[in-house]
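Worksheet: the structure to be examined is printed underneath.
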Amino acid sequence: MKESVKENNLYSHDDVLEFADKWRQEGKQVAIATVVNTWGSSPRPVGSQLAIDIDGNMVGSVSGGCIEGAVVHEAKQVMANNVPKLIKFGVSDEMAWEVGLACGGEVEVYVERIE
Amino acid sequence: MHSKILKELLSAREKKLSVALVSDLSTGRQALVYKDSIFGDLEPEEEILNHARDNLIHDRSTRIDQIFIQSFNPPKRLIIVGAVHIAQPLIEIASTTGFSITVVDPRGAFATSSRFPGIDLSEEWPDEALKKLQIDNRTAIVTLTHDPKLDDPALEVALDSDAFYIGSLGSKKTHAKRIDRLTEAGISTNKIEKIHGPIGLPIGAKTPAEIAISIMAQITQTLHRST
């Protein structure tokens, strides 16, 4: 049971940091993205986290899948230049293919590299 | 984030300590704020420290200008009294929901590691076991035995604790008798009303797994109503 429970929790709050640590130990560059502010109806609460490695692997979430792609892209830049970044995502415009939240909420995400 | 902060955070987690991560978003400097110590290269002002410690109590994360305070609390706990059939699906659903679980049952054949592999088990009498488990406001307690000599002592300790949820399995009839017994034992009506009985949200649950879902749904509802 313990093994299956562990698997069930793969995407929980704690495992994001555990994966970040594991990837670091494997010698990979790692960044962590954290939701630090939300407005309106946003899918994940403040404090939600996503860990990203240099190969683009990710664990956790900062939205319901709406902005993760863009966050991975930003994270790779943060890993390259080691300057933490605060990024705000607003409502998406379906016609313009803009990255954002279809639900009408807004989130602010802090992206930092593990040094 | 410095890897030293990450390591310290993971070690706090391992030790089941409450800790707040305070980040200055403009500089990237960070500090881990414990109940009575600080770790890291950021020296937060008194006001921020108070805020961080207050956030831990309320299990929330907040942003104050360029400072972000994130709470890392140990997992919420579910104590199950009665290593009965329903306990098995309940453990699975509660684990997925992020609870750490303890099963209490003094009847030797029930709380065995072959029936509950990897789960903390106690074979002590429920009241003794519960007293040792340091019940706090992030703990839920569920009694499943519907045997008064096991459920009642557990409930008496539970009702005197800060547990955010107390639920008891049993029909309306069983629950009515339970209320009579607890009243007779001198427990106030106010306290007795804290027990969710019959347990679970009314979703017409029949199988053990369905009952587990209804219990977990009610625990979730209570958790978010009280925060």
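The values are calculated or read from the model by the stated rules, or taken from the named source; none is laboratory data. Only a predicted model underlies this, so the values are computations on that prediction, with no experimental measurement involved. With ideal geometry, Cβ positions are generated from the backbone for all residues, glycine too; neighbour counts draw on all protein chains shown.
Do we find that residue B:57 is facing another protein chain (nearest Cβ under 10 Å), of a type outside the set (Phe, Trp, Tyr) and closer than 30 Å to residue B:166 by Cβ in this structure? No. Quick one: is residue B:178 basic (Lys, Arg) and within 19 Å of residue B:95 (Cβ to Cβ)? No. Would you check if there is a residue in region B:89-97 being within 14 Å of chain A (Cβ to nearest Cβ), buried (at least 22 other Cβ atoms within 10 Å of the Cβ) and modelled with pLDDT under 95? So far as region B:89-97 goes, yes, one or more of its residues are within 14 Å of chain A (Cβ to nearest Cβ), buried (at least 22 other Cβ atoms within 10 Å of the Cβ) and modelled with pLDDT under 95.
Summed over region B:1-26, the residues that are without any contact (Cβ under 8 Å) to a residue 24 or more places away in the chain and of a type in the set (Ser, Thr, Tyr) give a count of 2. None of B:127, B:120, B:136 is in contact with a helix residue (DSSP H, G or I) (Cβ under 7 Å, 6 or more places away or on another chain) and surrounded by fewer than 22 Cβ atoms within 10 Å (Cβ to Cβ) except B:127. Across region B:146-169, the number of residues qualifying as in a loop (DSSP other than H, G, I, E, B), modelled with pLDDT of 95 or more and within 15 Å of residue B:84 (Cβ to Cβ) comes to 1. Of the residues making up region B:100-119, those that are within 12 Å of chain A (Cβ to nearest Cβ) and either at pLDDT 95 or above or assigned to a loop (DSSP other than H, G, I, E, B) (or both) are B:101, B:103, B:113, B:114, B:115, B:116, B:117, B:118, B:119. Just so you know, in region B:60-73 the residues that are more than 9 Å from chain A (Cβ to nearest Cβ) and closer than 24 Å to residue B:16 by Cβ include one that is nearest to the chain's Cα centre (by Cα), and it is B:73.
The set of residues from region B:6-24 being at the interface with another protein chain (Cβ under 10 Å from one of its Cβ atoms), basic (Lys, Arg) and under 13 Å from residue B:74 (Cβ atoms) comprises just one member, B:13.
Output yes when any residue across region B:74-94 is outside any helix (DSSP H, G or I) and among the polar types (S, T, N, Q), and no when none is. Scanning region B:74-94, I find no residue that is outside any helix (DSSP H, G or I) and among the polar types (S, T, N, Q), so the answer is no.
Table: residues versus (1) within 13 Å of the chain's Cα centre (by Cα); (2) more than 11 Å from residue A:112 (Cα to Cα); (3) modelled with pLDDT under 90.
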| site | (1), (2), (3) |
| --- | --- |
| A:3 | no, yes, yes |
| A:11 | yes, yes, yes |
| A:18 | no, yes, no |
| A:23 | no, yes, no |
| A:31 | yes, no, no |
| A:57 | yes, yes, no |
| A:78 | yes, no, no |
| A:83 | no, no, no |
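Inside region B:1-54, residues that are among the hydrophobic types (A, V, I, L, M, F, W, C), surrounded by 17 or more Cβ atoms within 10 Å (Cβ to Cβ) and in a helix (DSSP H, G or I) make up a count of 7.
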